[in-house]
Amino acid sequence: MGAVTDAITAELEKLSGHHTAPGLAELALALARSIDDTDAATARAVAGRELRAVLADLRRLAPVETKGDAVDDIAEQRAKRREAQRRAAGG
C-alpha cells in the first residue's frame, strides 16, 4: 500500500468507518489508492478533494468517543478513596 492508503486505513480504523458506513469507507480507500497510484497532479488534486469530502462525512457519522476527561478522573479517584475509607472503617 501507499502512504495515503496507509494513513486512510488507520483513520478508518479509528473512526470505525467500516462499521458505520462501509460504502463510504471503501470509497475512501479507493480514492486513497488512486492518489497513491498516479503521478498526475490534476488527478491527485481531484481525488484528494473528494477524499476530504468523504472523510468529513465519515467523521460526522462516527460514534462519539466516550473518553474520560479530568472531571471523570477526579470522580474515579474520589470513588476509590471512598471505597478505601469504607473498607478501613469495616463497612
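So here's what we get for this one:
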quantity: Furthest towards positive pole of dipole, Gly2, Val46, Val64, structure part the chain, Cβ charges; calculated: Val64
quantity: Residue of Ala30, Ala41, Ala53 that the Gaussian network model of the chain assigns the largest fluctuation, springs spanning Cα pairs under 10 Å; calculated: Ala41
quantity: For the chain, accessible area per residue (1.4 Å probe, heavy atoms of protein chains only), Å²; calculated: 73
quantity: Dipole moment magnitude, nearest 20 debye, the chain about Cα centre, only Lys, Arg, Asp, Glu C-beta charged; calculated: 700
quantity: Crossing angle, helix 3-15 versus the chain [Cα axis fit, 0-90 degrees, rounded to tens]; calculated: 40
quantity: 0 to 90° range, to nearest 10: angle between helix 41-61 axis and the chain longest Cα axis; calculated: 30
quantity: The chain, accessible surface, carbon-and-sulfur percent (1.4 angstrom probe); calculated: 54
quantity: Accessible area in the full protein assembly, largest first, 1.4 Å probe, for Asp73, Asp36; calculated: Asp73, Asp36
quantity: Nearest 10 degrees, 0 to 90: helix 22-37 Cα axis against the chain principal axis; calculated: 50
quantity: Loop GluC sites (Glu not before Pro), region 15-83 (other Cβ atoms within 10 Å of the site Cβ: 14 or fewer; DSSP); calculated: Glu65
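The values are calculated or read from the model by the stated rules, or taken from the named source; none is laboratory data. All values derive from a computational prediction rather than experimental measurement. Note: ideal-geometry Cβ built from the backbone for every residue, glycine included; neighbour counts use all protein chains shown. Note: areas computed on protein heavy atoms with side chains; ligands, DNA, RNA excluded. Shrake-Rupley method; radii C 1.70, N 1.55, O 1.52, S 1.80 Å.
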